[in-house]
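**Student:** Here's a structure for you.
The numbers here are math on the coordinates, done by the rules we state, and not lab data. Values in this document were obtained by computation on a predicted structure and should not be read as measured data.
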Amino acid sequence: MKEIDGEPRMFSVAVDITDRKVAVKALRESEERLRIAIESGPMYAFEWNAITDEIRRSAKGAEILDLADDRPLEKGRAFIDRIHPEDRQKYLDHISALSPGNPRYKAIFRLLRHDQTVLWLEEAGRAFFGPDDKIRKIVGMTVDVTETRESEHALRELSGRLITSQEEERRRIARELHDHIGQDLALLCAQAQRIDSGVSEKEHTARADAHELYRKIKDIAVDVSKLSHRLHSSELDFLGLAAAADRLCRDFANQHRINMDHQINDIPPQWDRGKALCLYRILQECLQNVAKHSQATRLLVELSTVGDEVRLKVVDNGIGFEAANGRFGAGLGLLSTRERLNLVGGFLDISSSQGRGTIVTARVAISAAAGQSD
């Protein structure tokens with residue numbers, strides 16, 4: 001209230017707070033939906049106080065982590081001790097890498113519950129720092145992904161059994177082709193050759209027919225031999241990956257008349273058969289793609305030992321493809337290739353672009369420990 005010309009006057013200001021009310025209501029609704037999701041799903045919110053080393057979790061956390069007496073508090077050190085030994089250092093590395101410029105992290109790890117069961121947890125968090133750039137607290141969400149990881153593991157085991165079954169069937173068919181059909185064709189070929197050589201010079205028609213029969217049988221026998229070798233390489237079983245890959249490359253170069261350079265060096269002679277077969281099949285798939293799609297005139301194959309890995313690199317100067325819809329992944333070839341490598345803990349990289357050729361690199365660890373992956 002204020003006097004103007006000796007008379008009291010009152011002034012008021014009206015502010016439209018509709019937007020603010022709407023925003024507050026929306027925020028409360030969002031928080032309520034998040035709370036319901038946390039309470040009903042296999043997840044919990046957490047906050048770690050770096051000063052007291054206490055972790056405070058939402059109620060669901062006690063159930064998921066099997067905390068005694070349903071207490072949501074736990075010391076950070078105790079939590080770290082319960083992380084699976086194989087995942088612990090990786091988790092600590094995520095935390096150590098946090099900084100004011102990089103305050104967020106995401107980690108997947110195994111946790112040992114008090115009842116000795118193993119949980120797979122996926123944790124996403126954000127760190128808050130003090131003026132001294134030291135972590136004051138971390139807040140985030142943790143989701144129990146055990147069921148998903150176990151399903152993935154079961155699927156991988158199934159894929160492994162399917163691939164093993166496929167290889168056994170290939171081996172059986174290859175043996176049948178070589179031991180029965182191939183031998184019968186070889187016998188027919190020998191008989192036709194004797195007929196061809198024994199026909200009188202005057203019997204030109206009969207001689208020509210016999211010679212044509214001999215040639216066709218011989219071609220069929222060669223095709224059966226090649227089919228048997230593609231299904232299952234006997235060199236791989238008895239001579240190892242280096243000899244089998246060398247034979248495969250030489251046969252491919254002769255058959256397709258392509259300028260090919262293959263370099264095979266320092267391959268372990270008594271290497272794990274599953275890993276050797278994996279790289280052999282990947283090489284087959286690469287060569288098949290080159291023959292069918294690439295229109296390449298030059299091809300480089302490198303198979304060598306680098307450190308504790310055996311690396312396969314196939315480079316062509318063909319038409320290339322766009323990675324998003326490339327020929328390599330158009331069928332089952334890429335799926336089978338990646339699945340084979342997953343089963344042996346290997347890695348695959350494919351680099352290509354239109355008109356610039358393709359580079360396929362596969363890496364498999366020699367030792368069992370180095371080949372393990374999450």
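**Student:** Among the listed pairs 106/313; 106/134; 216/292; 106/137; 60/134, which have their C-alpha atoms separated by more than 22 angstrom in this model? Show your work: numbers first, answer last.
**Tutor:** Details: 106/313 32 Å; 106/134 19 Å; 216/292 26 Å; 106/137 16 Å; 60/134 29 Å.
Cα-Cα > 22 Å for 106/313; 216/292; 60/134; rest within.
**Student:** Here's something else I'd like to know. What are the residues whose amide H is under 5 Å from the amide H of residue 366, where those residues sit 5 or more places off or on another chain and H is modelled from the backbone?
**Tutor:** 309, 310
**Student:** On to the next question. How much length is gained if the chain between residue 73 and residue 90 is pulled fully straight, taking 0.36 nm per residue apart and subtracting their Cα-Cα distance, in nm to one decimal? Mind dumping the intermediate values first?
**Tutor:** Numbers: separation 17, 0.36 × 17 = 6.12 nm, distance 2.36 nm.
Answer, rounded to one decimal: 3.8 nm.
**Student:** Now a separate question. Given 0.36 nm per residue, what is the gain on full extension from residue 152 to residue 173 after removing their alpha carbon distance, in nm? Spell out each step's value before the answer.
**Tutor:** Details: separation 21, 0.36 × 21 = 7.56 nm, distance 3.12 nm.
Extra length available between residue 152 and residue 173 comes to 4.4 nm.
**Student:** Would you grab the residues whose amide H sits under 5 Å from the one on residue 105? Only those 5+ places off in sequence or on another chain, please, with H modelled 1.01 Å from N.
**Tutor:** Close amide H contacts, sequence-distant or interchain: 125.
**Student:** Report the extension gain between residue 59 and residue 237 in nm, rounded to one decimal, defined as 0.36 nm multiplied by the number of residues separating them, less their alpha carbon distance.
**Tutor:** Gain on stretching residue 59 to residue 237: 58.3 nm.
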